[in-house]
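The values are calculated or read from the model by the stated rules, or taken from the named source; none is laboratory data. Given the structure is predicted, the values throughout are model-derived calculations rather than measurements. Cβ coordinates were reconstructed from backbone atoms using ideal geometry, including for glycine residues, and neighbour counts include every protein chain displayed.
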Amino acid sequence: MADQPRKKRLVRAGAALGAVAGMVGALGVPAASAAPHASSAFKVAYMVPGNLGDLGFFDSGQKGITWAHQRLGAVVKTVQGTTDTSQWTPDLKAVSGQGYNVVVTGSSQVAQDLQAVAKQFPQQHYIMFDDNVPAPNVASIVYLQNDGAFLAGVLSALVTTQSKHFPLAKGSDTVGIVGGMNIPVIRDFVVGFVKGAHAVNPKIKVLTSYVGSFTDPQTGYNQAVEMYNQGADVIFAAAGGSGLGVLKASAKVGRYSIGVDSNQNGLYPKNILASDLKNVDVSVFDLLKMAKAGTLKYNKQYVFGLSNNGVQLLLNNSLVPKFISVDLARYASQVASGKIAVPCVQPYCLSATK
Amino acid sequence: MSALGQIFNGSLWSFVVLDTSTILLAGLGGAFTQQANILNVALDGMMLIGAFAGIAVGAATQSIALAVLAAMGAGLVLSLLFGWASLWLGADFIVAGVGIGLLTSGLSIFLLERLYHNEGSFTPFKFPNLPAIHLGPFVHIPVLGPALEGQSILVAVAILLVPTCHWVLYHTSFGTHVRAVGEDEAAVVAAGLRPRRIKMGAVLISGVLCGLAGAELAMGTLDQFVSGMTAGRGFIALAAIFVGRATPVGTFIGSLVFGLASALANQLQQVLNLPSNLLFMVPYVATVVVLLGRPVLSAYRLRRTARQVPEALAQT
């Protein structure tokens, strides 16, 4: 009995904390633009599981949507799901069965939401980028990260072998890659990177380490500093948030690094040579074009790599001379033509869709 | 250079110091609450919000002093919430602590997104530097010299806080009260003291020190905030407190074990190419060994004396 008031207070305290957390969640409301009108038009909705303005992934998707509007005359609408993951399923439902020919969304975080919603709206067509959602009404887009990492490897090797063009490089013939976790998707980056470096010169030493987390920039920093101590001229940060520590280390030590996933070139403009990006815009636009023409196949995975312009290395032109970018394009075309085979790690061994 | 020489080079020790200092700052804060018999699982969250506040205020004001103060202040505010919910409203410490953790991770992402339009991270274009330690001629002291040279001033603060916290806990009346309230709350009431206020004092100290830990993590070398960047360091600090039986010196040793283990894990990965997933276990295996080792050892001692007793009896 003496426990009674204590329990009540406990509930009150819990409610107080819950209320604060709820308020934080409730403030994120979806934003909308341009509603669909003419019923005969090709109509596309883009559900962003996050926010636009990330200077990368989702913005790139929006670019593809804008192209569809400009070049295909599509009527488009964008819904921002914000970072409140509990809103994604309702947001997806809100644009499903509303007369849109296609609903576009992407990132592996939203895959489960889409899986469920696509089942509830079997007549609605979806395009999903950056993960495979097997469903009869979903066309999926996946990217060959090993192709992008290959280019990063080529660039790193070109920098360390032609160090006279790069004032911060020592010409040590050593490069490195810091991965987030030792899991297949990151190992797929690593084998691509190593192949790229060795395609330039097989004698190049490639250092590898894994942070063990995608949100530990301090450990990323420490591992990168250690790599630079061992002579690495360039480090490729394939480690999400932990990679930001790697980029910081390049600025601190005064060497070079390569970013990933979003345009990070501006973070440390004297040190970041390039960012390895997925061309979401190109891939989304390509699929929308097929959807409009009626040739898009659903329940199919479309694979984008170097051969169909699905990945790119966005160069920091103030650091990388023109002839290096010409060299890079040459290696890219050798991959596209099949002259160089980029190794891969299962289950990511796919070939680009023709 | 031999592999061993490559592993135990000068930079290893500077990484040990870097990794130890954040865990130590949070651990010293948690030692106070642990002494007051509060299991403080809010350490990690208070660190995270300290890191965020430090970077946000530092970027806005370009003042490192204000940034550090903001980090400490943010930790303080959260510890106030934690103490209010658990001590005044009677919430379970663990539940309230977990709540703080959830709140901080959500709040930091929310603020990142609202203020900087990027829910993953914030890297200010320009950020003021923390003053660095310069040892002058003492830099030539083996191991310690290169380990400390160039580290941020907060590393020195962390080290100086070890004797300071020891003094507060064992040589002041506040410290005695904290330990007393942890040992036997009824006795404290009988002595005419207010246990709730004493516990709140310990909670607030943990908040300020966790804020400092967040400041060191975000501004010691990185000058950026990444969502979830504590990566469980607050919980490692909790383990360090257990290893050190909640004494400041013991917590220091516990933090050092973790700092050494994680720095070694990084080094071994690169020098010997050992599998990283195995090496990531090192700090945690170390904790289990230490935590298990002590009771096993004392049980063994007990059994040995127990066995000796009958022999002694038989002789008489």
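Some observations on this one:
- Positions within region A:101-132 being without any contact (Cβ under 8 Å) to a residue 40 or more places away in the chain, hydrophobic (A, V, I, L, M, F, W, C) and closer than 27 Å to residue A:41 by Cα, in sequence order: A:114, A:117, A:118, A:121, A:128
- Breaking point among (1) surrounded by fewer than 22 Cβ atoms within 10 Å (Cβ to Cβ); (2) at pLDDT 85 or above, for residue A:114: (1)
- Residues of region A:257-313 satisfying the condition of being over 30 Å from residue A:175 (Cα atoms) and of a type in the set (Gly, Ala, Ser): A:283, A:291, A:293, A:294
- Residue within region A:286-299 that is over 18 Å from residue A:138 (Cβ atoms) and among the hydroxyl-bearing types (Ser, Thr, Tyr) present: no
- The residues of region A:232-254 include none that are at the interface with chain B (Cβ under 9 Å from one of its Cβ atoms) and among the aromatic types (Phe, Trp, Tyr).
- Some residue of region B:164-187 being small (Gly, Ala, Ser), surrounded by fewer than 18 Cβ atoms within 10 Å (Cβ to Cβ), out of contact with any helix residue (DSSP H, G or I) (no Cβ under 7 Å at 6 or more places or on another chain) and within 23 Å of residue B:68 (Cβ to Cβ): no
- Region A:275-325 - residue that is hydroxyl-bearing (Ser, Thr, Tyr) and in contact with a strand residue (DSSP E or B) (Cβ under 7 Å, 6 or more places away or on another chain) and, of those, surrounded by the most Cβ atoms within 10 Å (Cβ to Cβ): A:283
- Across region B:111-130, the qualifying residues are those that are within 8 Å of chain A (Cβ to nearest Cβ) and not in a helix (DSSP H, G or I), and the one among them that is farthest from residue B:153 (Cα to Cα) is B:117.
- Candidates in region A:192-216 are the residues that are under 18 Å from the mean Cα position of the chain (by Cα) and not small (Gly, Ala, Ser); of these, the one that is nearest to the other protein chains (Cβ to nearest Cβ) is A:215.
- Odd one out for residue B:228 among (1) more than 13 Å from the chain's Cα centre (by Cα); (2) in contact (Cβ under 8 Å) with a residue 40 or more places away in the chain; (3) in a helix (DSSP H, G or I): (3)
- Qualifying residues in region A:117-142 (those that are among the aromatic types (Phe, Trp, Tyr) and buried (at least 24 other Cβ atoms within 10 Å of the Cβ)) - the one farthest from residue A:276 (Cα to Cα): A:126
- Looking across region A:217-231, the residues that are more than 8 Å from every other protein chain (Cβ to nearest Cβ) and within 18 Å of residue A:189 (Cβ to Cβ) come down to A:220, A:224.
- Top-ranked residue of region B:79-99 - restricted to ones that are touching a Ser or Thr at 6+ places or on another chain (Cβ under 7 Å) and closer than 13 Å to residue B:200 by Cα, ranked as surrounded by the most Cβ atoms within 10 Å (Cβ to Cβ): B:79
- Among the residues examined, residue B:102 does not qualify as under 26 Å from residue A:215 (Cβ atoms), surrounded by fewer than 23 Cβ atoms within 10 Å (Cβ to Cβ) and touching a Gly at 6+ places or on another chain (Cβ under 7 Å).
- Among the residues of region B:231-246, those that are under 11 Å from the mean Cα position of the chain (by Cα) and not aliphatic (A, V, I, L, M) comprise B:232, B:233, B:234, B:235.
- Counted residues, region B:236-283 - those being touching a strand residue (DSSP E or B) at 6+ places or on another chain (Cβ under 8 Å) and either of a type in the set (Ser, Thr, Tyr) or modelled with pLDDT of 90 or more (or both): 1
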